[in-house]
Amino acid sequence: MRAPMTIRGHGEHLSFGVRPSGDGSLEGRRGCIEVVCGSMFSGKTEELIRRIKRARLARQRVLLFKPRIDNRYDDVKVVSHEGLKAEATAVASSAELLSFVDVATAQVVGIDESQFFDDGILDVAESLANAGIRVILAGLDQDYRGRPFGPMPALMSIAEYVTKLHAVCNRCGAEACRSQRLIGTEGQLFVGGAADYEPRCRRCFVPGVVDG
Ligand SMILES: [Zn+2]
């Protein structure tokens, strides 16, 4: 009989408590890329905020960003569907994001709604991680058609740690990995709120159409 598979952790970088404690010196700093992905209502933003808060508790220097396209709730905060909040800087592009990061002092960079960034976010994440920064990217891994969303698949490839979260299917209660669009708006970039999408499992999901 084969040995059971090793159960691994949930993908949060283990540097918490391992990295030399927050003195910010480049020596000994070890960067990495973490991706937190899943459908809408899977708790991606809560998980990002949780990791950010833990880093701040450890007195690490943390920067949090979101794309400017997403102004659903608040222009300068990252806000989860559950109402958790953290101060964030809204940026129009990956290049603008990079311009806000002082690599000599930053220790953790969090990015919400990463699926909306241009492909330059790949090089930005790599260069920040190579400079010793822990980069945490949260985002939708699939669009409303159930297709890979923007730079997310590539980010998952280059990441050290990937956490895929699930919501609960609104139809049958199974684990949901897809976001069903409920109103008729064209375009992948459409940003909706709770009323515009619902989580669905593979079986209940109807790709690319409005299925209220
Ligand atoms: Zn279902």
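Read through the list (1) under 19 Å from Ser114 (Cα atoms); (2) at pLDDT below 95, then give the number of the only condition that Val36 fails.
(2)
Suppose we filter Arg72, Arg59, Arg68 for residues that are more than 17 Å from Phe149 (Cα to Cα) and modelled with pLDDT of 95 or more; which single one remains?
After ruling out the rest, the residue left standing is Arg59.
Could you please find all residues in the range 129-145 being more than 16 Å from the chain's Cα centre (by Cα), at pLDDT 95 or above and either in a helix (DSSP H, G or I) or more than 14 Å from Arg30 (Cα to Cα) (or both)?
Listed by number, the list holds a single entry, Asn130.
Mind checking which residues of the range 161-178 are within 9 Å of the ligand (Cβ to nearest atom), hydrophobic (A, V, I, L, M, F, W, C) and in a loop (DSSP other than H, G, I, E, B)?
The answer is Cys169, Cys172, Ala174.
For the condition more than 21 Å from Ala195 (Cα to Cα) and either crowded, with 16+ Cβ neighbours inside 10 Å or touching an Asp or Glu at 6+ places or on another chain (Cβ under 8 Å) (or both), what is the one hit in Ser39, Ser94, Ser127?
Going through Ser39, Ser94, Ser127 in turn, the sole match is Ser94.
Ala154 - would you say it is at pLDDT 95 or above, more than 16 Å from the ligand (Cβ to nearest atom), in a helix (DSSP H, G or I) and more than 26 Å from Lys53 (Cα to Cα)?
In short, yes.
Do we have Gly120 as surrounded by fewer than 20 Cβ atoms within 10 Å (Cβ to Cβ), at pLDDT 95 or above, farther than 18 Å from Val36 by Cβ and touching a helix residue (DSSP H, G or I) at 6+ places or on another chain (Cβ under 7 Å) here?
yes
The values are calculated or read from the model by the stated rules, or taken from the named source; none is laboratory data. Source: prediction; values computed, not measured. Cβ: placed from backbone, ideal geometry, glycine included. Neighbour counts: every protein chain shown.
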